[in-house]
1. Mind checking which strands (runs of 3 or more DSSP E) fall wholly inside the range 300-347 and carry at least 1 residues that are open to solvent by 40 Å² or more (accessible area, probe 1.4 Å) and closer than 21 Å to LYS245 by Cβ?
2. From the set of residues in the range 443-463 that are modelled with pLDDT of 90 or more and within 20 Å of THR352 (Cβ to Cβ), which is nearest to the chain's Cα centre (by Cα)?
3. Can you name the residue in the range 201-215 that is modelled with pLDDT of 95 or more and in a strand (DSSP E or B) and, of all such residues, is farthest from THR148 (Cα to Cα)?
4. For the range 367-389, give me each residue that is over 14 Å from the mean Cα position of the chain (by Cα), open to solvent by 30 Å² or more (accessible area, probe 1.4 Å) and of a type outside the set (A, V, I, L, M).
5. Out of the range 175-216, which residues are of a type outside the set (Ser, Thr, Tyr), at positive phi and open to solvent by 10 Å² or more (accessible area, probe 1.4 Å)?
6. Please work out if SER476 is modelled with pLDDT under 95 and out of contact with any helix residue (DSSP H, G or I) (no Cβ under 9 Å at 6 or more places or on another chain).
7. Considering only residues of the range 250-279 that are open to solvent by 10 Å² or more (accessible area, probe 1.4 Å) and modelled with pLDDT under 95, which is nearest to GLU213 (Cα to Cα)?
8. Provide a single number: the residues in the range 222-249 that are in contact (Cβ under 8 Å) with a residue 40 or more places away in the chain and surrounded by fewer than 24 Cβ atoms within 10 Å (Cβ to Cβ).
Amino acid sequence: MKTFFRNYLSLLLLLALLISTLPFRVSAESDDYSLCLNEGNVLISQGSGANTMDIQHGTALYQGIPASAKVYIYGTGNYTSNVIRITGDIAVNLTISGVRISSSKLRAPIEIRDLATLNLTVTGDNVLIAPDYMAALQVNKKTTLNLTGSGSLYVQGGTEAAGIGGGWTMDAVSADAGTIRLGGSGKLYAYGGNYGAGIGGGNYGVPKNVIIESSVLVLATGGTDSAGIGGGANANSGSILIQGKSHVEAIGGFNGGAGIGSGHAGTATSIKIIGEALVRAQASAGGAAIGCGSIGSVRTIILGGSAVISAQSSTSAAAIGGGNNANVAALTIKESAKVYAIGGSSSAGIGTGPNGQISTLLIQGSAQIRAFGGINGSGIGCGEKGTLVSIVISDHANVQASGGYNGAGIGSGYMAKVSAITVKDNAQILAFGGKHAAGIGGGSKANTTQFTFQDNANVVAHGGNFGPGIGNGARSTKDEAISSTVIVISDKSKLTAYGGSLAAGVGGGTNAAGASVTMKDSCSVTSIPNNKVAQILKDLTVITLGEQTAQQQTPQPKEGENPPQSYPADVKSPTLKASLISASATAKAGIQSSTKFAGANLSMSEFISSETKLFLIATLYPHYEKEIIDTSTSDTYSEGGHKASSVGAGAGCF
């Protein structure tokens, strides 16, 4: 009997020893299963029973495991070519720790297939390196990845595949990806292969959704033609949402991929950055840092919450908005977002790249913006030869924008067009135009047709050399002048406009026509020239005249032009009178009247009834003299550049 028990105990000890050496172990908790990846591939599939799954580990097969079970896969610290694959219509709860996979033969290190959902928790340090055409963590179309945890994960996609997202399968016609949700508090480093996004689609591949949240740190770099986060080469971006306290850094691939958005020639369907996210995005030639790649389009970009966003493009693309030859439907910056944007050459900081179009650009809430355009691009608005329908800056937004050479601070780039700019509702603006360009309005040889400043807008605008503070930029000759500009200033708004040399404070740059300016409702306008100038208010419309010598007492119209009939009696002093008559040939100034003469026909009673206090400034370069007329409750004065008017046309415009 004693011999029997000794043999029985020996058998149990031997069995326990054998079990302890198996790569598959069941923990004390019946729902937990642990596997060593270095001992064999792990294939998890939908079980035959309801809410069950089967696990094949190497040659061993375990069936009927509850679908709610927690599976742990760990590594030994050495690289393995073994892989993890999830198949079927099943949700798997999987934790990886210390896994290092470098796979081959068209096998993704981790792949989600069919309709599967993988809830992946990352602990320890993990590395996934894929062969060509496969993503390192492949999320096939119609599948879902939910990643969390506090560990680190480094992924490198193969050629034509993403780091995380789309890769090629035997039956695929594109390297699309399903839904990718990244969270937790860990660190994720994702690199796409050539023509693959860091996170998103592979070549021609579109991710359905990319969501980055919680406090995860994500660094994503796209391959050639591909986005850092979003679409692969020649592909759209699907929907991208960055929120929570996530920290994201994204770099677009060479040759036109966006940092965050679409790949080359793709459409960025929806990009939304909100919450307390911290985001830094960069792009190479042709791609926007946040937006679309070259020759692509953007449907919607929304930057909001209290997110802090830094974006910089390389060449021929806006930092935020469109890439080269790309269109943007709607771009909105709102709430308490803080945005810093540097556009590439020929491009806006925020807006379009060269030859691009944008329908609506809204900045609202208490957003804080610092935007810089590249050469020939505006700070906010259009790139070179671009088109923008409407810019609206409202609420308590705080905006500082600087245009590149030939680009307006806010408005259009070189030879571009903006239909309307509206600043309202306590917005605060500081805008600097590049050489030849307006602080707010048109770049060189560019046009903005409608300006509206209302509801306590607070604006300071500096024109570049030869550019007005507010208005249209310089032209090469007077024949290029545009005279259809309308500027409306109302509702206690405060404007300060500094014209560059040979440019008006408000109106036109060198060789650019003036504008029809309406001022009402106790607004305050400061427009600063470096020569003699005047503003005359009639029926709430400013009609500005230009410079003459102090000895001239009456204007001398050109042949075929009608002279003005009279001037207010109180402005007969030679100095101020000189600023009211038409300008000399080198500095013809003023808003052209219907008779094509910079004149006025009004009486003093009309002037006094305007409910506006007007500061008429006669300026002699490099100093200026002020003549003041008090009529009511607001302050208005103006300054243009050397030999140009305060409000009106720039030098050389007749």
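The values are calculated or read from the model by the stated rules, or taken from the named source; none is laboratory data. Please read these numbers as outputs of a predicted model, since none were measured by experiment. Neighbour counts run over all protein chains shown; Cβ positions are idealised from the backbone, glycine included. In case anyone asks, the SASA skips ligands and DNA or RNA and just uses the protein heavy atoms, side chains included. Shrake-Rupley method; radii C 1.70, N 1.55, O 1.52, S 1.80 Å.
1. Numbers: elements: 308-312, 327-333, 338-342.
The strands (runs of 3 or more DSSP E) meeting that bar are 308-312, 338-342.
2. Ranking the qualifying residues of the range 443-463, first place goes to GLY443.
3. The selected residue is ASN209.
4. GLU384, LYS385, THR387
5. First, pick out the residues of the range 175-216 that are of a type outside the set (Ser, Thr, Tyr): 175-178, 180-184, 186-188, 190, 192-194, 196-203, 205-213, 216.
Subset that is at positive phi: 184, 200.
Listed by number, the list holds a single entry, GLY184.
6. Values: modelled with pLDDT under 95: yes; out of contact with any helix residue (DSSP H, G or I) (no Cβ under 9 Å at 6 or more places or on another chain): yes.
So SER476 fits the description; yes.
7. THR269
8. The total comes to 2.
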